[in-house]
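Trainee: Quick one: the structure is below, and I'll ask about it shortly.
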Amino acid sequence: HFTERGTTEGSQRRNMSVSTQAAFESGHTDQIHDCQYDYYGRRVATCSSDRTIKVFDVAGEQQTLLANLTGHDGPVWMCAWAHPKFGTLLASCSFDHKVIIWKESEQGVFSAIYTSPATLHDASVNAISWAPHEFGLSLACASSDGCVSVVTHRADGTWDAQKIQGAHSIGCTSVSWAPAPPPGSLVAAGGASAAPVKRLVTGGCDNLAKIWRFDPSAGWKEEHQLRAHGDWVRDVCWSVNMGLPMNTIASCGQDNKVFIWTQNEPGGEWNKTLLNDFGAPVWRLSWSVMGNVLAVSDANNMVTVWKESVDGRWNQISATE
């Protein structure tokens, strides 16, 4: 059973406004772990403990099953659509230690064009994230083996993988890319700006969020550690900066808390703000396209939406059970 939700902020109300909600039967025979709309919002992919990924065409209130993808040997934790400039590509990761990238060759017909080798990860792959399209076709993967891998499609059609060994002790739960436009590029004098730098933020069972920077000569190197959570970090999400001179990351954890991390200048300190203590573990985070609205999903079966006001305070603008 899958539920679609839409939310809007009322002109006067600052709390608990909910606009639309629709539900349809997904056909999954076990718990659904993730659902993701594509770039255009016309398709949604769902994945489940029943080991399948389903792709639906969404038109208004009509949902049509286009494909049922089988290939994983365990629960499928997450799915992610690539940018459409690369074609119709969908990635999935699973408890079976595998990452699969699926390509649509014709309407509703998907086939696996990449399956990670057994040597890539030797434990559950918990999260995946496509790089900004400016960096090419690259997928970051976070695993319970404590490692993070970055799988990249090469010009000759092959796939290459780089690994951050021992990124998090015990295990890695989440990963998110920094936006490609460098902070401040929108307001840089004369339009000049620094070249884009590849960065990742990861979350782990060591209660830490970590920021990684890619050095072409030395590979991925740890740049910062973000310490605030008192239990496992369940998700991390880097906000789009739209070229403004600030980096923003959200993190959530088993300790019931969500923190907002901001860096006001490149290389500067990261400052944290407690968004809220939800009284239950917080599982997933998602920023809006503009990067100023945050959706939070917690173990109370609640999805809340938060927006930053002009005075820097975060206000809840919506809640859906």
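The values are calculated or read from the model by the stated rules, or taken from the named source; none is laboratory data. The shown structure was predicted, so the numbers you read here are calculated from the model rather than taken from an experiment. All Cβ positions, even for glycine, are placed from backbone atoms using ideal geometry, and neighbour counts span all protein chains on display. Heads up: the accessible areas ignore ligands, DNA and RNA and are worked out on the full protein's heavy atoms, side chains in. Shrake-Rupley method; radii C 1.70, N 1.55, O 1.52, S 1.80 Å.
Trainee: Across region 92-121, what is the total count of residues that are open to solvent by 30 Å² or more (accessible area, probe 1.4 Å) and β-branched (Val, Ile, Thr)?
Mentor: Selection size over region 92-121: 4.
Trainee: Does region 260-269 contain any residue that is part of a strand (DSSP E or B), in contact (Cβ under 8 Å) with a residue 40 or more places away in the chain, under 20 Å from Thr202 (Cβ atoms) and touching a Gly at 6+ places or on another chain (Cβ under 9 Å)? Step through it out loud before you land on a result.
Mentor: Pass one, region 260-269, residues part of a strand (DSSP E or B): 260-263.
Remaining after also requiring in contact (Cβ under 8 Å) with a residue 40 or more places away in the chain: 260-261, 263.
Applying the additional criterion that residues be under 20 Å from Thr202 (Cβ atoms) yields 260-261, 263.
Checking the rest, the ones that are also touching a Gly at 6+ places or on another chain (Cβ under 9 Å) come to none.
Looking for residues that are part of a strand (DSSP E or B), in contact (Cβ under 8 Å) with a residue 40 or more places away in the chain, under 20 Å from Thr202 (Cβ atoms) and touching a Gly at 6+ places or on another chain (Cβ under 9 Å), one finds none in region 260-269, hence no.
Trainee: Continuing with the same structure: Only residues that are closer than 20 Å to Pro132 by Cα, open to solvent by 60 Å² or more (accessible area, probe 1.4 Å) and assigned to a strand (DSSP E or B): list them for region 223-258, please.
Mentor: Glu223
Trainee: Next question. Under 6 Å by Cβ, and 6 or more places apart or on different chains, what pairs join a residue from region 289-301 that is among the charged types (D, E, K, R) and part of a strand (DSSP E or B) with one that is open to solvent by less than 30 Å² (accessible area, probe 1.4 Å) and modelled with pLDDT of 95 or more?
Mentor: Once the first residue is among the charged types (D, E, K, R) and part of a strand (DSSP E or B) and sits in region 289-301, its partners that are open to solvent by less than 30 Å² (accessible area, probe 1.4 Å) and modelled with pLDDT of 95 or more give Asp298/Phe278; Asp298/Ala280; Asp298/Val282.
Trainee: Within region 182-225, how many residues are modelled with pLDDT of 95 or more and small (Gly, Ala, Ser)?
Mentor: Looking only at that region, the number is 3.
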